[in-house]
Structure formats: C-alpha cells, structure tokens
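See below for the structure under consideration.
The values are calculated or read from the model by the stated rules, or taken from the named source; none is laboratory data. Bear in mind the structure is a predicted one, so any value in this text is a computation, not a measurement. Glycine also receives a Cβ, built like all others from the backbone with ideal geometry; neighbour counts cover every protein chain displayed. Remember, those area values only see protein heavy atoms, side chains included, never the ligands or the DNA or RNA. Shrake-Rupley method; radii C 1.70, N 1.55, O 1.52, S 1.80 Å.
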Amino acid sequence: MVRPVGRGATGGRGRRGPAAPLGAARSSGATFEPGGDHTIRDGVRMTKERTNTGRAEIASRSEDFAAWYNDVVLAAELADYSPVRGCMVIRPYGYALWEHMQSHLDARLKATGVENAYFPLFIPESLLAKEAEHVEGFNPEVAWVTQGGDEALEERLAVRPTSEAIIMHMYSKWAQSYRDLPFLINQWGNVVRWEMRTRLFLRTAEFLWQEGHTLHATPEEATERTLLMLDVYRKFVQEDLAIPVIPGVKTASERFPGAAETYTIEALMGDGRALQAGTSHDFGSHFTQAFDITFLGRDGQRRHGYTTSWGLSTRMVGGIIMVHGDEQGLILPPKVAPVQVVIVPIWRSDEERERVRAFVESFGGALGTHVRVRTDFSEDKTPGWKFNEWELKGVPLRLEVGPRDVANNSVVAVRRDNRQKEPVGLDALAGRVRELLDDVQRSLFERARAFLEEHTFEASSVEEMREILDRSRGFILAGWCGSAECEAEVKERTRATIRAVPFDRGDEPVPCVRCGEPGRGRVYFARAY
RNA sequence: CGGGGCGUGGCGCAGUCCGGUAGCGCACCAAGCUGGGGGCUUGGUGGUCGGAGGUUCAAAUCCUCUCGCCCCGACCA
C-alpha cells in the first residue's frame, strides 16, 4: 500500500506540518523487530485541511518491516501486483535490476564451462513421476495443463516447477560415451509453483531463475561440481550483491526432493530472518537411475552417471531490498544498480537552466561511457523532490549540479548509503565517481556483514533460543545431535529451522540444544522466509 | 486450507449503521510564479460505487449470491 506523503506518517522524511490524527491501523498488524518495541504502525487518515505533497510514502522500516518491504517494491516501481493470483509484474526498473544480476551471474557460470540452453515449459506427467521423491515433493504445488484448444490432452502436462525431469530425459538421449561427459547446461527461465501464500519477489506462483543441470561420469566429479557452483553463488551474492552469506549443508528435512545432498548459502535480512540465497544439489545417481541415463566407460562397461542442479531466483531481488534498504527506501549495490549515478540539475531561471544543461553535457557523455548515468532534467519536479525520488529508488550516487557548481567547475556528489556530500572538481570526476561507487559497494557489504555478526548468537537450550528470537532475531548457533526428531521439536517450539550445517563447524563435541546428546560443532538456526 | 481486512475517478480514502441520485486529498491538464532536501496560486478533466440478482417511488447504502485482492498462520526458491 502506498500512501501520499504528508499524512504525518511515522518516520517519514522531509515532511512539515503537524502530525495528522491517527486513523485505522494497517490491517497487517504488528511485525516484530530485532530490539524493537513491537509497535503497530499507524495508518494515518487524510484530513481535508492538510496539504499533501502528493508523493508516495513508505512505511517505517523499523516499525513495520513487512509493510515497508511492500511499499518499497511498489513505490520504487520494481514490481506491481497482477490480475493473476499470486503472480506479479516485474516493472522495467525491477527488470533492469534483474538483468544486471543475470549478466553478472551468467558470466560467472560460463566461466566454469557452463553453456546456456532452453528446455520446454511443459513436462509430461509420466516424466515428472519417474523419480519418486521428486514427484512427491513437488506434487502439492504443480500446475497442470489438461486441455489444448478444445481437445482434452491424452496425458496432462505439468507447468514446470523445476526442470530436472525434462532435462534428465534429454540427457538419457544424449549420453552415449564417457567422452560426451560432463554435460554442463544452464537454463534461464521461469517456473511455476502453486503457492498458497505469496509475497512480491520472495514467493510468487511464477518466478524467474536460472537452473543449471550437470551430468558427470563419477560421483566425486558431481560432488565437486555441486560445491563449485555453491561457491559461484557465494561469490556472486557477496561480491556483486554485497550480501554476506553462510554456506553449508541442508539437513534431510530441508533437502530438495530427490537430492542426495543439498547445499545452501543463507543470508540474513534486515529484520533478522534468514533467506536462502542459492542452492546447489548433489543427486548422486538418483535421477540417472530413474531416467536410465547410462554411458559406456573407457573400460567398455555401461554405467549410470551422476547429476547435479543448482538455482538462484528473482527472490534475490527481495534479498537486496531487505538487506540494504533503509527508511528512505532502496539502496542498490552499484554493481547491479540499473542507474549507478543520477545527475540532478538545479536552476532558477531559463538562463541558468541552459547554462547548467551545457555544463552537464560537457561531462555527462564521457562519464556515461564508464558508468550507468541518468540525468533527470524533468522540469515539473523540484530538485528536492528528485533527491527523494532517486533515493527511494536506491541509486548509489547522486551528482547535484547547480549554478554555483558551474561557477566552480565542480559538482556535489552525494552517496546513497550514508548521504555524505562532497564537492568534486570536473577534472577528477570520472575517477572519483568510480572510487565512490566502489566504496559504496564495499560499505554495503561491510555494513551487512557487521549486522550479520551482531545478529548471530549462541544458545545452549531451546529456552535460550526462544529468548533470543523474542528479543532480537537472527542466526542462532547451537549444538544439534543430528536427529530429525530434535530438529522438528526445535522448530515446533521456536519456529526456527536449521538453515545450514556450516562447513567449518569444527570437531568440538557440543551438546544438542534439545536432547543434550553431543553432536559435532554447531549449526545455524533461524526463522526463515 | 483456516483466521482477519478490503473492493467508491490513476492512487489513498470519506460516505454504508440511519436509502434521497457521490465527496475530499494527491496525481493528471492549463497558466503564472518557483527551483541547493518532497514549492505556491488560480482554473479545469475524470467515477455504470468489484459483479449479478432482489427489495423500494428511490440503492454506494438494505437482502441474497458471487468474484477478486491484501494481511496473519500451516507448506515452499
């Protein structure tokens, strides 16, 4: 819900006038915040005498994170609700962000030898049903096509919830000899999962992602691939999206249907809830057995191959919003920001405007060859309005250019993450812009890393976990004996799940938070999206 | 699937209890003044009140049915 500004909303920016009388609260109710006071955000009613500035206002991040998130997505024009239940429209600004994410990730995937291809959206039921755990896992959320035109189909078609089935089918056709292997194929596309409850970017019935599928001659090679791709994700998310992650293994209950092992990178959102940022699955020979994928080895023996798959979705757009955003709106990591630098010209008279325009043109073009620059010369908005608008949209760096700057042969640079202003002479502009963008990228990561560290706790009992989760959400490192019973019990009592069993948990025996039996090292628990 | 809320110009809402022929702010259009943190004035455009039935002289308002969306819980990238 996006409301006009000037209604005395809490935590708003740059608003004047007395606080408006309180109206009906948001229907959404309270959201709990780390260390927050659990207030319900007050929706505020319009009054006739109040003057509005007419700009979209967003909820306070600290008071109602969920409402803030929705408001930011809508107000920054990343996405909008569609007439189709559970499906959203990704708007140009949001799609541009996704495209930049794609190009960074795509390059990283290709650097490991992966090639892109495209497989059909429709998957015959008989194929989907071949791997038992796989069907069972996805059944509840599969959308089916039963009719084409006026004709009922002989076999119904699943709208892919994931593409293992169709790709394994093709792999069985293509795999002949060990000389053909490995198959390293990635697909950028959409999938459909009939979700009960949806949220913009975080969980929609249809979403965009990439899914990579590989086939190998040996289990070792498949495992190596699985871990390699997890590391590609880790680097992409940390270096390009500036989001620190915890890599690790999923427990059996959190494992992908049909996988022998599922690996994950887990990120921590600004409200202290965890988000799975990417997953990589080692299937062993589950799928090659089910789909009869065999090849002839060097020794003349026919044997089954080993497969992997790994995916990262538009959900990470939500991750960027929830990790970096602030009360003013989005903050985008420079590497993937659709607009990295926005130039806001300032003028009073027509004469000044033309002088400023000429000045901007004198350096804007050159700057634009290095970074993604947008100049906002629209005449119907004041500079102040533009400042707020582009901050809402998360542009990492703003250059203010007015008559004073023209006179000084300089501009005023303002970074989005901390709003620090500095004058920059034209001769140093290109270099300084690059430095500032790099520094914003770095600072965002550092800030997020500090947040993650400050919100990672140790607990030695379930009670203690509950206290921590009530007081200040985040990751909780705790001992776990390895049993599904204890895992389920903890979930039941705390709503926190095991997000990852870290690779570096050490050998120290630690008593299980629930039963006290020693397990190896500690695992990460959290309430998750 | 359970619980809650909401559908009235593009957006946000009032009006619904107590029927009388639709209103406010913003946005939008025009003009002028403005412009270094969400400007001001004046004048305008725009709505079969989610849909279908019904009651009535008269329905946004009352009755019945229906569709959709959002939020909160159980499942999931």
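Using alpha carbons only, how many degrees (0 to 90, rounded to 10) separate the axis of helix A:484-494 from the longest principal axis of chain A?
30 degrees
Which net charge results for the neighbourhood of A:Asp231, defined as the other residues with beta-carbon distances under 13 angstrom from its beta-carbon, given Lys and Arg at +1 and Asp and Glu at -1?
Numbers: positive: A:Arg108, A:Arg225, A:Arg234, A:Lys235; negative: A:Glu224, A:Glu239.
Result for the neighbourhood of A:Asp231: +2.
How much net charge surrounds A:Lys250 when only the other residues with a Cβ under 13 Å from the Cβ of A:Lys250 are counted, with Lys and Arg +1 and Asp and Glu -1? Numbers along the way, then the final one.
Values: positive: A:Arg255, A:Arg499; negative: A:Glu254, A:Glu261, A:Glu266, A:Asp282, A:Glu487.
Taking every Cβ under 13 Å from that of A:Lys250, the sum is -3.
Figure the gain on full extension for A:Arg197 and A:Ala430 (residue separation times 0.36 nm, minus the Cα-Cα span) and round it to one decimal in nm. Walk me through the numbers before you get to the answer.
Details: separation 233, 0.36 × 233 = 83.88 nm, distance 4.66 nm.
Difference between extended and current length: 79.2 nm.
Please work out the FRET efficiency for the pair A:Arg85 and A:Ser461, using the Cβ-Cβ distance as r and a Förster radius of 41 Å; give the result to the nearest 0.05.
On the way: r = 42 Å, r/R0 = 1.04.
That pair, A:Arg85 with A:Ser461, gives E of 0.45.
Would you please put A:61-67, A:182-188, A:418-424, A:107-113 in order of how densely packed they are, using the mean number of other Cβ atoms within 10 angstrom per residue and starting with the highest?
On the way: A:61-67: 21.9, A:182-188: 19.6, A:418-424: 12.6, A:107-113: 14.3.
Ranking, from highest mean packing down: A:61-67, A:182-188, A:107-113, A:418-424.
With the crude spin-label approximation of a point 7 Å out along Cα→Cβ, what separation in nm comes out for A:Glu141 versus A:Glu492?
2.4 nm
Quickly estimate the mean residue ellipticity at 222 nm for chain A, helices only: each DSSP H run with n ≥ 4 gives -39500 (n - 2.57), and the total goes over all residues, rounded to 500.
Details: 14 runs with 165 residues, N = 529.
Counting only the DSSP helices, I get -9500 deg cm²/dmol.
Relative to the Cα centre, what is the charge dipole magnitude of segment A:107-181, using +1 at the beta carbon of each Lys and Arg, -1 at the beta carbon of each Asp and Glu, and rounding to the nearest 20 debye? Please report the intermediate quantities before stating the final value.
On the way: 7 positive and 12 negative charges, 111 e Å.
The dipole magnitude comes to about 540 debye.
Report D for chain A in µm² per second (integer): Stokes-Einstein, Kirkwood Rh on Cα pairs, 25 °C, 0.890 mPa s. Don't skip to the end; give the middle numbers.
Numbers: Rh = 25.5 Å.
Answer from the Stokes-Einstein relation: 96 µm²/s.
Rounded to the nearest 0.05, what FRET efficiency is calculated for A:Lys110 and A:Arg348 with R0 set to 56 Å and r the Cβ-Cβ distance? Before the final figure, lay out the partial values.
Details: r = 51 Å, r/R0 = 0.92.
Rounded to the nearest 0.05, the efficiency is 0.65.
Which number comes out as Rg/Rh for segment A:357-451 once both Rg and the Kirkwood Rh are worked out on C-alpha atoms? Walk me through the numbers before you get to the answer.
Values: Rg = 13.7 Å, Rh = 14.1 Å.
Rounded to two decimals, Rg over Rh is 0.97.
If r is the Cβ-Cβ distance from A:Gln420 to A:Ser362 and R0 is 22 Å, what FRET efficiency results, to the nearest 0.05?
On the way: r = 25 Å, r/R0 = 1.15.
So, using R0 = 22 Å, E works out to roughly 0.30.
Please give the per residue accessible area of chain A, computed with a probe of 1.4 Å over protein heavy atoms only, in Å².
Numbers: 23240 Å² over 529 residues.
Value for chain A: 44 Å² per residue.
With a 10 Å radius around each residue's Cβ, average the other Cβ atoms per peptide and rank A:211-219, A:514-522, A:440-448, highest first.
Details: A:211-219: 22.4, A:514-522: 16.7, A:440-448: 19.1.
The packing order, highest mean first, is A:211-219, A:440-448, A:514-522.
For the peptides A:377-384, A:468-475, what is the packing order when you average, over each peptide's residues, the other Cβ atoms within 10 Å and list the highest mean first? Walk me through the intermediate numbers first.
Numbers: A:377-384: 10.8, A:468-475: 19.6.
By packing density, highest mean first, the sequence is A:468-475, A:377-384.
Roughly speaking, to the nearest percent, how much of chain A's 1.4 Å accessible area is carbon and sulfur? Please report the intermediate quantities before stating the final value.
Numbers: 11420 of 23240 Å².
Heavy-atom surface of chain A belonging to carbon and sulfur, 1.4 Å probe: 49 percent.
Using the alpha-carbon atoms, what tilt in degrees (0 to 90, nearest 10) does helix A:315-324 show relative to the longest principal axis of chain A?
50 degrees
Please compute the modelled spin-label separation between A:Glu485 and A:Gln176, points set 7 Å along Cα→Cβ, answer in nm with one decimal.
5.4 nm
Hey, what angle do you get for helix A:92-110 against the long axis of chain A, alpha-carbon based, 0 to 90 degrees rounded to 10?
It works out to around 50 degrees.
Return the ratio Rg/(2.2 N^0.38 Å) for segment A:196-336, where Rg is computed over Cα atoms only.
1.22
Take A:Ser285 and A:Glu155, extend 7 Å from each Cα along the Cα→Cβ direction, and tell me the distance between the two endpoints in nm.
2.5 nm
Find how many whole Å separate the alpha carbon centroid of segment A:473-507 from the alpha carbon centroid of segment A:168-191.
35 Å
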